[in-house]
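Right, one structure below, let's go through it.
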Ligand SMILES: [Mg+2]
């Protein structure tokens, strides 16, 4: 049986949430991001995009392109709150839901057409979300995730698009190869140099040619260009948590050692989040005293994968948790409530330099392993036995 897969994406989500708080932002060019001129654009309105502004652009450049833009610092907790409201509405009436990012969901509604038409159902859900939240959202419906995601893209802003079963190739053919989710800057340049600009050109190629030029990645792109995608909608609830524990060789009461260990663990875990393109919304810190008494504390937070933000949260939980001045045997950190999400969703508090540092460190970790770099503060002190080895500090 052919599947029925819906993709939906809130339009300029952060901007739309800000507009609900402050209606004077409606119809104006709005930039969300760090307000200092070293900041980065996390999101921008369609009015600002007309001037060539896009997300991840330095704020200074964005303001040069669009000087009349209104800059809003951004409030990740507020965005998470609205994101969860949208998820709850979808969850209530959908059999299988994957939360793909803070403003994006995939829904598997296969079989629903036995009761009502899938397209009518999709349109009604869209109207319900807009009515109950006041947020504009776009939808695509087709037989798989890739075609539905591309359909959503063509429906934006605030639109809906149905791609009937069997019409996938025709729908994709006239579109730019940029519309294929896997095609990044590098693949785009390579394909353009081969004279390929439309998806139609990819459809006309032999799959082995793509394989020869681009390897397995080329096969993936070719399949998507032909509207083929078997990947399942993965329910949100099945996504696991990430955790890390350190047992000290000698139980310790030294707050500096404890803090340094926590910071090192956050760095490693946050890197794992970013590597898997995930964000966490719940942080748990655990301590076990030398008498094996174990205490944990959990805090719900706005979705993030930023070292800086997670370090602040972990250290503040630890400060509250470590009330008894007793020897500690073990400390642990858990990140749960994970969702898929792009890195850009937590740029408001980070300057361009911090983002560049984090990206440079991630690049080295991916190449040489996660112990290869760490922040100066985490470098082991001479008397500490075992543990991490710092080859390089930054
Ligand atoms: Mg969006």
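Counting alpha carbon pairs within less than 8 Å and at least 6 residues apart, what relative contact order, in whole percent, applies to region 166-234? Don't skip to the end; give the middle numbers.
Values: 61 pairs, mean separation 26.6, N = 69.
Computed value for region 166-234: 39 percent relative contact order.
Helix 352-368 against the longest principal axis of the chain: what's the angle in degrees, Cα atoms only, rounded to the nearest 10?
80 degrees
Looking at the chain, what % of its DSSP beta bridges pair antiparallel, to the nearest 5?
On the way: 46 of 54 bridges.
About 85 percent, rounded to the nearest 5.
Once label points are set 7 Å from the Cα along Cα→Cβ at both residue 213 and residue 320, what is their separation, rounded to one decimal in nm?
Computed distance between label sites residue 213 and residue 320 equals 5.6 nm.
Could you state the angle between the C-alpha long axis of helix 255-275 and the longest principal axis of the C-alpha atoms of the chain, as a value from 0 to 90 degrees rounded to the nearest 10?
Roughly 20 degrees between the two axes.
Going by how many other beta carbons lie within 10 Å of each one, how would you line up 113, 91, 108, 267, fewest first? Show your work: numbers first, answer last.
Numbers: 113 13, 91 17, 108 20, 267 23.
Listing 113, 91, 108, 267 from fewest to most nearby Cβ atoms yields 113, 91, 108, 267.
Cα centroid distance between region 50-112 and region 279-308, in Å?
Between the Cα centre of region 50-112 and that of region 279-308, the gap is 26 Å.
Report the residue, chosen from 78, 327, 279, that carries the largest GNM mean-square fluctuation when the chain is represented by alpha-carbon nodes joined by springs under 10 Å.
In the Gaussian network model the winner is 327.
Helix-only mean residue ellipticity at 222 nm, the chain, DSSP H runs n ≥ 4 weighted -39,500 (n - 2.57), per residue, nearest 500. What is it?
On the way: 13 runs with 156 residues, N = 394.
Counting only the DSSP helices, I get -12500 deg cm²/dmol.
Can you pull the semi-axes for region 166-234, root of five times each eigenvalue of the Cα gyration tensor, sorted largest first, whole Å?
On the way: eigenvalues 62, 40, 28 Å².
The three semi-axes for region 166-234 are 18, 14, 12 Å.
Based solely on C-alpha atoms, express the radius of gyration and the Dmax of region 1-163 in angstrom.
When restricted to the Cα atoms of region 1-163, Rg and Dmax are 16.9, 55 Å.
If you build a Gaussian network model of the chain, linking Cα atoms that sit under 10 Å apart, which residue out of 358, 205, 59 swings the most?
It is 205.
When the chain is treated as a GNM, springs tying every alpha-carbon pair under 10 Å, which of 101, 148, 231 comes out with the largest mean-square fluctuation?
Looking only at 101, 148, 231, the largest GNM fluctuation is found for 231.
Counting only C-alpha contacts under 8 Å and six or more residues apart, can you give the relative contact order of the chain as a whole percent? Display every interim value, and only then the final one.
On the way: 719 pairs, mean separation 67.2, N = 394.
It comes to 17 percent, rounded to a whole number.
If we count other beta carbons within 10 Å of each Cβ, what is the order of 282, 66, 44, fewest first? Please list the in-between numbers first.
Values: 282 15, 66 21, 44 25.
Ranking 282, 66, 44 by Cβ neighbours within 10 Å, fewest first, gives 282, 66, 44.
Just to verify a number: FRET efficiency for residue 176 and residue 330, C-beta to C-beta distance, R0 = 41 Å, to 0.05? Before the final figure, lay out each step's value.
Numbers: r = 53 Å, r/R0 = 1.30.
About 0.15, to the nearest 0.05.
Testing the spin-label approximation: label points 7 Å from Cα along Cα→Cβ at residue 277 and residue 256. State their distance in nm.
4.3 nm
Kindly express, to the nearest 10 degrees and within the range 0 to 90, the angle between helix 76-93's C-alpha long axis and the longest C-alpha principal axis of the chain.
50 degrees
Assuming a ≥ b ≥ c are the square roots of the Cα gyration tensor eigenvalues, decide whether the chain counts as rounded (a/c under 1.5), prolate (otherwise, with a/b larger than b/c) or oblate.
Working: a/c = 1.70, a/b = 1.64, b/c = 1.04.
Note, shape of the chain comes out prolate.
Given a Förster distance of 25 angstrom, what is the FRET efficiency for residue 28 paired with residue 56, based on the Cβ-Cβ distance and rounded to 0.05?
On the way: r = 21 Å, r/R0 = 0.85.
The pair residue 28/residue 56 has a calculated efficiency of 0.75.
Any read-out appearing in this document is the output of simple, stated calculations on the displayed coordinates, not a laboratory observation. Given the structure is predicted, the values throughout are model-derived calculations rather than measurements. We place every Cβ from the backbone using ideal geometry, glycine too, and count neighbours over all the protein chains shown.
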